[in-house]
1. What percent of all Cα-Cα pairs in the range B:224-359 falls into each 10 Å bin, going from 0 up to the bin containing the maximum distance?
2. P(r) for chain B, please, calculated from all Cα pair distances in 10 Å bins and given in %.
3. Per 10 Å bin from zero, what fraction in whole % of the C-alpha pairs of chain A is there, up to the bin with the longest pair?
4. Considering every Cα-Cα pair within the range A:141-287, what fraction, in whole percent, is farther apart than 20 Å?
5. Mean projection of the alpha-carbon convex hull of the range B:353-414 over all orientations, in nm²?
6. Taking every pair of Cα atoms in the range A:37-106, average 1/r, invert it to obtain the Kirkwood radius, and report Rg/Rh to two decimals.
7. May I ask for the equivalent-ellipsoid semi-axes of the range B:3-275, computed as the square root of five times each C-alpha gyration tensor eigenvalue and listed largest first in whole Å?
8. Taking the C-alpha atoms of the range B:49-185, how large are the radius of gyration and the largest Cα-Cα span, Dmax, in Å?
Amino acid sequence: MTDAWHWKSAREIRDAVSAGAVSATQVVSDHLARIDDVDGRVDAFTQVWRDMALEMAGAVDAKIARGETPGPLAGVPVALKELFCTREGKTSCASKMLENFESPYDATVVKKLAAADAVFLGKVNMDEFAMGSSTENSAIKTTKNPWNLNCVPGGSSGGSAAAVAAGECPISLGSDTGGSIRQPACLCGCVGIKPTYGRVSRFGLVAFASSLDQIGPLTRTVEDAALTLDVICGKDPMDATSADLPATDFVGGLTGDISGLRVGLPREYFTEALNAEMREKVERAIDVYRANGAEIVDISLPCSDYAIAVYYIICTAEASANLARFDGVRYGFRHPDAKTMQEMYVLSKSAGFGPEVQRRIMLGTYVLSSGYYDAYYLKAQKARALIKKDFDAAFEKCDVIAGPTSPTPSFAFGAKSDDPLEMYLSDIYTISVNLATLPGMSLPCGLTDAGLPAGLQLIARPFDEATLLNAAHFYEKNRGFDMGRPPIA
Amino acid sequence: MEYEAVIGMEVHVEINSRAKVFCGCATNFNAPPNTNVCPICLGMPGALPVLNRDMVDKSIAVGLALNCQISRWSKMDRKNYFYPDLAKNYQISQYDLPLCHDGRLEIEVDGERRVVGITRAHIEEDTARNTHTLGGGQSGVDFNRCGLPLLEIVTEPDIRSAKEAYAYLTALKQILQYLDVSDCNMEEGSLRAEANISIRPKGEAAFGVKTEVKNVASFSGTQKAIEFEIARQEKVLREGGVIEQETRGWDADRGVTFTQRKKESAHDYRYFPEPDLTPVVVDETWEQRIREQMPELPAARRKRFESQYGLSPYDAHVLTLSRSMADYYEAVVAAKADAKKAANWVMVELQALLSGDKAAIEHCKITPENLAALLQMIDGGAISGKIAKDVVVAMYATGDAPATIVEKKGLTQISDSSVIEDAVRQILDGSPDQVTQYKAGKTKVFGFFVGQIMKATRGKANPALVNDILRRELEK
């Protein structure tokens, strides 16, 4: 065996399993062994579904033995962020509020992955209710960055990124409200894509901010991201906001041809706020496009400065309503000391939610309150429209926008956790993409001197994931270096 | 000083869609607690609402029937408040852009026409039902009702009396039933009326402080509650008191309203647009489609009954009170019955039978065709009108055709002159005193002879023939 199955791509695994070169059971066993081996140090997994994984793998093997056509993710191990509803195991959202919650149904994406013959390894850690940029807000455990165990994996899909980076699974599913797929992908040296709002059904994704949330994969290759997206996207009758568009073939769109591609560089993304080493890596990545005939265009996104303020009004407003249902009445944590209805609400929420979640609920309640609505929520909605307009104008001049994913590489535990505003700046380059409902992705583009990954962010027009993935794939094939594996390997 | 009442009505109507407004759960009333539920109406994590199109169709129909503007673009909003009967702790409703707005409904009170402005009609989801009768300090929540499709219809403060409020509710219910969009069953809560009541010195433009009366189980109860409330407010003001803004309930047994909830500082519902749902866009084609499917509404049907069937305004009014009654009447006429006679029979004989049974005409065993056949038998002289009244009772009980009943009971009218002649002679022969009286000019005894003859023929003798033959025999 030249290389363990756990370092193979999803595509390689799928092809080998489908061809009968390896059994799904063997692939899955290999990954379970890998989890046993490294997860004690990485702490990405919150639940490992050993029995279920082997059962699902056995079913795939049986299907192939019967001569049936295996699905496009046959035997591919997948990890799910803690906020996807699954009938198997718990759906805790990394919160004490839901620590024992079992969902009565499977999320649409979970059903789609299962129908494609993927195999679930279990669930991975996150910031509580997806609120955070370091996964330090998890009520379950502290996930480490496989490139440096003293550093954060990013967040909120930190467990998803760390698991993929550490070779525990080739695909993990995350969710991205303001950068929660792309920023941890960047910090852990993975590929992470947030599709256009409406591309992927949100049914069964525990909501943080409904107008911003979108599901996407974290992988080690662009092709695997395309492969996963082809499986999970599409109109869902259970999600009114999912888009009804023709079936996709993102994998088939990875042509290696970028002739005529115009790459826009927003000047607002290359300022002092950007760490010098990150900037250098990103500029070198852009050179790959320049050197291969792409047209590099200077663009401006003048409203970028308002993005964080707008985001923290809209996302908290929506979250304050979305999280209202966690009240101890029907499910989840109910404080044992509560004697009255009022106490049930106050005590359960105070003890069930962590400080960042409580902060956001209070912020959101405030900006929606009578007398403040116009000044905050309504104004933020207007600013959101302007931010979208900036992108519309920019896409007159270019086909993809390139820039950094994160202003800094990964940082040490505790470095920003006492300063929420500093932590919020981690998403300074990713938030606008959610506000403008665009597709965006992060690609590894080198390591800093300290050995921490840097990430290139690409952004495309609404529903133009094909161009986005093709451009990303081109970079990946032509960047001229190998990211290598994190030292945990 | 004379006072004037200012009343606005808010009516919540459960629309009779087969599915709830945002999920596929059933909507039947009597299901065991928490059986018509799913992750969506239970507000489980990750579940999303999808708007039921049938609900929108029916809401547009109501809007059109109430002469409303239908919004080309409206949206759903979240109304935030905490209560255990609200699964998500927000209610999906419509705030500033309702589906229907600016309509009007004409009502008639004591022969006088009045127009009630309809401010808006908007879509929302019903809440669950809390129960506090489980014992042990426990409360229960039944989520079967949570997510039922509700249309809230709000009037302008145009109503001036309890009677007008009653007339408004009756006219509204009539329209809803014509449209077949709701059961309108107040006992099951599928129609809930709330009245906002204030009074002011007559002639004054400013409104007084209002109270809200809710949870009344019938229209007549609502009328009584409003009457009481107007009198109560007047008494308070005359005695120099002030009206407090509050929600009041109605004690039907004692016939009084009572304080339910004092208005604390106004509730801040923190409305904002529901991000899980796309805007409701009703283009002209959609509105037109609903318009074309609309049945004839009560007012139009009333007028047509007057002109087409030559009915009096009163008869037309009574026959169009319910769509099913009007449909029945028209089916009788269509089966070739005389329009005016059919009207009388439906309104008097049939209605009496139904009322006696508290039955709805939909469940009446007499088919319109059979009722028409009965009327034809009277016209054709096969039975008398008097016999027909007995026949219709039998038809009501059995559903049999009139001919079958007449035959079975031997009720066919005797129109054979020789048979009647025999009967007449027999009676005259047996009543020499009365014959003498008649011949002496006391013609009143004619009626006595008719009665005797009918008695002898068990009412089956053709009355016209009896008259003719009797007169002829007496004149001999």
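1. With a bin width of 10 Å, the distribution comes to 9, 21, 14, 19, 26, 11, 1.
2. P(r) over chain B, rounded to whole percents: 4, 15, 21, 20, 15, 10, 8, 5, 2, 0, 0.
3. 4, 22, 33, 27, 12, 3, 0, 0
4. Value for the range A:141-287 (Cα pairs over 20 Å): 56 percent.
5. 4.0
6. Using Cα coordinates only, the ratio equals 1.05.
7. Semi-axes from the Cα gyration tensor: 31, 23, 18 Å.
8. Just the Cα atoms of the range B:49-185 yield Rg and Dmax of 17.3, 56 Å.
The values are calculated or read from the model by the stated rules, or taken from the named source; none is laboratory data. Bear in mind that the values here come from a model prediction, so they are computed numbers and not experimental data. As a convention, Cβ positions derive from the backbone with ideal geometry for all residues, glycine included, and neighbour counts pool all protein chains shown. For accessibility, only protein heavy atoms count, side chains too; no ligands or nucleic acids. Shrake-Rupley method; radii C 1.70, N 1.55, O 1.52, S 1.80 Å.
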